[in-house]
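Heads up, the thing below is written out as structure tokens.
The values are calculated or read from the model by the stated rules, or taken from the named source; none is laboratory data. Everything numeric in this text was worked out from a predicted model, so none of it was measured. For neighbour counting, all protein chains shown are included, and Cβ atoms are generated from backbone atoms with ideal geometry for every residue, glycine included.
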Ligand SMILES: Nc1nc2c(ncn2[C@@H]2O[C@H](COP(=O)(O)OP(=O)(O)OP(=O)(O)O)[C@@H](O)[C@H]2O)c(=O)[nH]1
């Protein structure tokens, strides 16, 4: 009678834990790709089957052997396979058909052997060993799938991987405890089983959450700092990263230049060919810039059809040569759409981050040099000259 009460309390506690995990999984952000999104569904099934396996396990202490045998091994094995499916789906993959055939064969074999063991009245160690082998296989498969698809730079993925290892170790430690009869009373066995089940649930759910949340943070960070049209950086990137980076360059007395560029008469492209072609022209323009820039140069969409390039480790003379190459490249590479060839030109304003001005002041200077390039005919590079400059008209025309 006392054991029946204990079992009721423990199954209710494990059930509540599984339920919390299931509710928690609904709060996790769902990936847009349906295959990836279905990973959460398998994680929930894992919690359910683990709880079910625990209920069947407890029935052993109540001398309900037939039910215990019928459900215990198959539920735990199914739970372990749900971890495998969670990992596979998390990466947007499909289990191979050959794997599915193997999984079904495995489940049928486990069930047949369990029933056979009950029928032949084999001792408990036989079904416990069967359970150990049975849950070990899917967990190793899950770990293998994880190692194959994981992004090793993603800490969330690494956490999930480590926690899958912890699960294997916990199973490998706990099963010999049963086999060696280290815990003898039914109550001890149930408490041990509860601890193991709760650790497994926690590990999988925490690992899964870490992986999902980290992917989301990476996606958000990309969206925050990336211009959706041209895929180059946006103003947020400049404010949060580039300015600190330039400060560090200045501390190390490295030269930094800024180049502001703007497509000439862009409004007329929009008006003549439509906004979509205007968008294509912007992509074409950034592509041409990127072809000439180094990996260390930072290309930022400053707004509309205006772009900013931060050029670290570059003297004003080298930056002026680069700007001239960019200007020529843009002018020589028209945008071709169907049979139309749309000629593009751009104007460039250049300034260096000097001792007396920080990055934003330099951008201001480059911007006013750009204004000069525009007002003096466009398709030009103008370098801001701090020695002579008193107003906008005194910028030095590079050409
Ligand atoms: N297609 C498209 N157009 C944009 C985008 N952002 C800004 N524009 C357009 O860019 C045009 C900019 O026009 P203006 O500021 O007059 O400049 P402009 O015609 O290039 O003239 P100048 O700069 O003086 O040579 C406006 O018509 C904006 O609507 C965009 O993302 N896509």
Next item on the list: Inspect all residues belonging to the stretch 320-335 and state whether any of them is exposed (fewer than 14 other Cβ atoms within 10 Å of the Cβ), without any contact (Cβ under 8 Å) to a residue 12 or more places away in the chain and within 37 Å of the chain's Cα centre (by Cα).
Entry: no
Next item on the list: Sort out which residues of the stretch 261-288 are within 6 Å of the ligand (Cβ to nearest atom) and in contact with a strand residue (DSSP E or B) (Cβ under 8 Å, 6 or more places away or on another chain), and write them in order of number.
Entry: 262, 263, 264, 282
Check: Is there a residue being more than 30 Å from residue 47 (Cα to Cα), within 29 Å of the chain's Cα centre (by Cα) and in the same structural domain as residue 364 (by TED's automatic domain parsing) anywhere in the stretch 256-267?
Finding: no
Checklist line | Count of the stretch 289-306 residues which are within 16 Å of the ligand (Cβ to nearest atom) and within 28 Å of the chain's Cα centre (by Cα) | finding: 5
Next item on the list: Search the stretch 97-111 for residues that are over 19 Å from residue 75 (Cβ atoms) and pair each with any residue that is modelled with pLDDT of 90 or more when their beta-carbon atoms are under 6 Å apart and the residues are at least 6 apart or on different chains.
Entry: none
Note to self: Quick test for you: out of 200, 229, pick the one residue that is out of contact with any strand residue (DSSP E or B) (no Cβ under 7 Å at 6 or more places or on another chain) and either modelled with pLDDT under 85 or in a helix (DSSP H, G or I) (or both).
What the structure shows: 200
Notebook entry, point to check: Taking into account only those residues within the stretch 254-281 that are touching a residue at least 12 places away in the same chain (Cβ under 8 Å) and assigned to a helix (DSSP H, G or I), which is farthest from residue 363 (Cα to Cα)?
Noted result: 273
Notebook entry, point to check: Which residues, taken from the stretch 307-334, are closer than 17 Å to residue 233 by Cβ and at pLDDT below 95?
Noted result: 310, 311, 312
